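The values are calculated or read from the model by the stated rules, or taken from the named source; none is laboratory data. As the structure is a computational prediction, the values presented were derived from the model and not from experiment. Positions of Cβ are generated from backbone atoms using ideal geometry, with glycine treated the same way; all protein chains shown enter the neighbour counts. Remember, those area values only see protein heavy atoms, side chains included, never the ligands or the DNA or RNA. Shrake-Rupley method; radii C 1.70, N 1.55, O 1.52, S 1.80 Å.
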Amino acid sequence: MRVWAVAFACVVAFMGIGLVDPILPVIAEQLDATPVQTELLFTSYLLVTGLAMLVTSFVSSRIGAKATLLAGLGLIVVFALLCALSGSVDAVILFRGGWGLGNALFISTALATIVGAATGGSGAAIVLYEAALGLGIAVGPLLGGLLGSVSWRGPFFGVAVLMAIAFIAIAVLLRGPSDKRAPIPLSAPIKALRNPSLAVLAIAALFYNIGFFVLLAFSPFPLGFGAVGIGLTFFGWGVALAITSVWVAPVLTRRMPRTTVLLLVLPLLALDLVAAGILVESPAALVACIIVGGLFLGVLNTVLTESVMESTDLPRSVASSSYSAVRFLGGAAAPPIAALLWHLYGPTVPYVFAAASVAIAAAVIAFGRRSLAHVDEREADAADEAAAVFVGDAA
């Protein structure tokens with residue numbers, strides 16, 4: 001029950017990410033904001049999320065996982081409401097930063113809680129976590145598009161309501177023995193990056209996240225659709241991501257080493273981004289590239305997360321915080337850079353930039369593969385573990 005409570009909250013939390021995506025062009029129009037300013041809604045959120053990740057393990061080790069999850073969800077509710085009540089794009093950017101703080105407290109603690117509480121092993125728990133991520137990201141844009149067609153404020157109010165529901169779910173359902181608290185030093189996540197395998201994965205994820213967030217945050221602008229059209233597009237993207245993260249990634253990692261999967265799928269994502277840049281003038285083709293990109297992203301999200309959890313013997317909360325802090329910095333930089341490149345050189349160049357970043361991520365994995373040898377050696381049958389976690393936790 002503990003796992004399911006957190007998984008449900010994860011679905012709701014990740015819906016909050018996609019809810020805002022369909023209204024970016026509307027915000028740019030109605031608040032007289034440039035595309036670069038509008039993309040800062042993602043940057044302030046992701047930058048604060050990344051930096052705050054460095055202290056989440058310190059906080060959760062002192063107040064406990066449940067209190068940390070509730071604090072994160074409570075902050076998101078407050079700052080989502082403040083975004084909805086704002087009158088300028090600058091205010092929304094500022095409050096999205098506060099939202100990012102809550103997001104950091106919740107996300108890293110949620111992953112560590114699911115992995116620690118699951119009865120079927122870390123591989124199955126990560127599949128469950130990625131399933132929640134995929135479902136939330138799929139439904140979020142669709143709901144955001146529907147609410148955004150009424151008002152740009154609608155999705156922010158929607159996030160506040162959803163996060164309040166998640167808060168209640170965690171408060172009521174996350175029961176059980178009190179988690180053992182072993183205080184973690186504030187410097188632990190930074191020192192963790194001295195671990196070669198964790199450092200390689202974090203750097204690769206930084207460049208990979210650039211591609212991820214160019215596809216997610218920049219694509220609404222060249223699509224040229226209304227809020228509902230953008231919502232439907234990214235609903236398809238999220239469904240594709242969920243399918244491959246839950247079903248395809250475990251099959252691939254059962255048949256080949258994780259690093260091999262990464263080295264196969266990262267170049268495919270880069271090619272998809274190049275195709276998106278070439279075909280950007282055709283809305284139908286761009287939609288197809290976005291959805292195909294979701295298929296690749298689902299595999300990569302799951303395999304990277306599994307690799308991080310297996311890369312070190314450090315506490316999971318520390319490994320998660322270190323890794324997430326670095327990768328979110330890549331996500332924070334991507335949207336405004338993409339918008340600036342669009343303004344200077346046209347809509348093709350941002351996708352080429354994203355493809356080059358993903359190619360760098362593949363190169364980092366290739367050159368650092370020796371340090372990741374034990375990640376491949378520790379592979380587990382994710383499909384069998386997934387069955388175990390679903391049966392065990394349902395019982």
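Our Cα-only numbers for the stretch 242-329 put the radius of gyration and Dmax at 15.1, 48 Å.
Taking only the C-alpha atoms of the chain, the Rg (one decimal) and the largest Cα-Cα distance, Dmax (whole number), read 19.3, 57 Å. Ranked by the mean number of other Cβ atoms within 10 Å of their residues, highest first, the peptides 342-353, 48-59, 186-197 fall in the order 48-59, 342-353, 186-197.
Looking at the chain, do any whole DSSP H helices span at least 27 angstrom along their long axis by alpha carbon and average 0.0 or above on Kyte-Doolittle, and which?
Those that clear 27 Å and a mean of 0.0 are 35-63, 65-84, 89-117, 122-148, 154-173, 258-278, 283-310, 316-345, 348-367.
The share of accessible area on the stretch 1-142 that comes from carbon and sulfur is 75 percent, using a 1.4 angstrom probe. Could you list log10 I(q)/I(0) for the stretch 1-78 at q = 0.19, 0.24 Å⁻¹, which the Debye formula gives when each Cα is one point scatterer? Here log10 of I(q) over I(0) equals -0.95, -1.21. In the context of the full set of protein chains, residues of the stretch 30-137 present 28 Å² of accessible surface per residue (probe radius 1.4 Å, heavy atoms only).
Measuring nothing but alpha carbons in the stretch 61-120 and taking Rh as the Kirkwood radius, the Rg to Rh ratio lands at 1.13. For the stretch 18-167, a Kirkwood hydrodynamic radius built from all Cα pairs, placed in the Stokes-Einstein relation at 20 °C and 1.002 mPa s, yields a translational diffusion coefficient of 135 µm²/s.
Here the stretch 189-302 is described by how far its Cα atoms reach on the three principal axes: 45, 32, 24 Å, from widest to narrowest.
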